[in-house]
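The values are calculated or read from the model by the stated rules, or taken from the named source; none is laboratory data. Note that this is a predicted model, so its numbers are computed, not measured. Positions of Cβ are generated from backbone atoms using ideal geometry, with glycine treated the same way; all protein chains shown enter the neighbour counts. To get the accessible areas, we keep the full protein, side chains included, count just its heavy atoms, and leave off ligands, DNA and RNA. Shrake-Rupley method; radii C 1.70, N 1.55, O 1.52, S 1.80 Å.
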Amino acid sequence: MHAMLDISTLHYLVLGAALFLLGVIGVLTRRNVVIVLMSIELILNAVNLNLVAFSRYWQGIHGTGALHGQVFAIFIITDAAAEAAVGLGILIAFFRNKETVNVDEVNLLKW
Amino acid sequence: MNPAAIPTNPPVATPFFFYLLATVMIIGGILVITRKNAVHSAMALITTLLAQAALYLMLYAPFVAGVQIILYAGGIMVLFLFVIMLISIERTEKERQFNKQWLVGIAAAAALGGLFIAVYTTTTSGRTLFPEGKLSYAEGENTQRIAGLLFDRATGTYMFAFEIASLLLLVAIIGAVVMAKKRI
């Protein structure tokens, strides 16, 4: 009974998978670019959760110095900041030209 | 490291807090992808990020939790809110919110979900790929050790990657400024 209630790495992985799927659904079905970018943030956070959970698991094997997963999570947060800055810059430029924020009206490169 | 510094008694009510925070995160995620108003989505995302920071604390990653709160919930989400204020919300709220790709979305989610279930339930010689036992509770000097991995000349495995990350941020700053300029 008690062993079943313990939280293992797998619990965190399942939660990360659920968040990842929510992000994928958001990216594929929403029209508002801002919410699409937020869904991408959800996906990145799901990956981060997995990395930190694996880091915890790895520490159980190799001692508390094995923090590579957490370092990777920090790098991914850096990437997310860069992605948000550039993505929102593109969004502002696009909104200035077309007066819309809907993804399916972005067709300047379509032929 | 001093062995006496390792706490021997595990924290109480860990499963309860895990399920509470997981519920908050899932509900927040659902709200992010379903709300009409982008500001509401941003608020739900901030809730999700804060709950995730608490989960990081439960995983003994205090530095990542702090970075999550300061950089994600404090920095990136403020950037999102600024941009939401710059574009007109009132008009976009009245428009159709979803494109007609529900089928593709559900199919992709089902395929990925099936993949996750297949991986997480795979057993090799009676064991799953990831152990089900409880996690260890040893803590260490988390922030110092991360700094050692990032900066230390002797053990700094990720020093070069750290420098590249700063270069990436510089490029992103220049890119954002160029994108948002009126005339390029």
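Residue selection: A:Glu83 satisfies the criterion of being open to solvent by 30 Å² or more (accessible area, probe 1.4 Å), at pLDDT 90 or above and part of a helix (DSSP H, G or I).
Does A:Phe72 satisfy the condition of being out of contact with any Pro (no Cβ under 9 Å at 6 or more places or on another chain), modelled with pLDDT under 95 and closer than 17 Å to B:Phe116 by Cβ? Steps first, answer last, please.
Working: out of contact with any Pro (no Cβ under 9 Å at 6 or more places or on another chain): yes; modelled with pLDDT under 95: yes; closer than 17 Å to B:Phe116 by Cβ: no.
When the stated conditions are applied, A:Phe72 does not pass them.
Of the residues in segment B:129-143, not one is modelled with pLDDT of 85 or more and in contact with a helix residue (DSSP H, G or I) (Cβ under 7 Å, 6 or more places away or on another chain).
Listed here are the residues, each with its yes/no results for (1) without any contact (Cβ under 8 Å) to a residue 60 or more places away in the chain; (2) more than 30 Å from B:Arg96 (Cα to Cα); (3) within 7 Å of chain B (Cβ to nearest Cβ).
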residue	(1), (2), (3)
A:Ser8	yes, yes, yes
A:Ala18	yes, no, yes
A:Leu22	yes, no, yes
A:Ala46	yes, no, no
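A quick yes/no check of all residues on (1) of a type in the set (Asp, Glu); (2) more than 14 Å from the chain's Cα centre (by Cα); (3) under 25 Å from B:Gln97 (Cβ atoms):
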{"position": "A:Asp6", "(1), (2), (3)": "yes, yes, no"}
{"position": "A:Ala18", "(1), (2), (3)": "no, no, yes"}
{"position": "A:Gly23", "(1), (2), (3)": "no, no, yes"}
{"position": "A:Gly26", "(1), (2), (3)": "no, no, yes"}
{"position": "A:Val36", "(1), (2), (3)": "no, no, yes"}
{"position": "A:Ala66", "(1), (2), (3)": "no, yes, no"}
{"position": "A:Gly69", "(1), (2), (3)": "no, yes, no"}
{"position": "A:Ile74", "(1), (2), (3)": "no, no, no"}
{"position": "A:Glu83", "(1), (2), (3)": "yes, no, yes"}
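Only residues that are open to solvent by less than 30 Å² (accessible area, probe 1.4 Å), within 7 Å of chain B (Cβ to nearest Cβ) and part of a helix (DSSP H, G or I) were counted in segment A:61-80, giving 7. The set of residues in segment B:76-100 being within 19 Å of B:Gln52 (Cα to Cα) and more than 7 Å from chain A (Cβ to nearest Cβ) consists of B:Met77, B:Val78.
Filter segment B:27-44 for residues that are of a type in the set (A, V, I, L, M, F, W, C) and crowded, with 18+ Cβ neighbours inside 10 Å; which is farthest from A:Leu21 (Cα to Cα)?
So the first thing to find is which residues in segment B:27-44 are of a type in the set (A, V, I, L, M, F, W, C), and the list is B:27, B:30-33, B:38-39, B:42-44.
Subset that is crowded, with 18+ Cβ neighbours inside 10 Å: B:32-33, B:38, B:42, B:44.
On the way: B:Val32: 13, B:Ile33: 11, B:Ala38: 20, B:Ala42: 18, B:Ala44: 17 Å.
Selected residue: B:Ala38.
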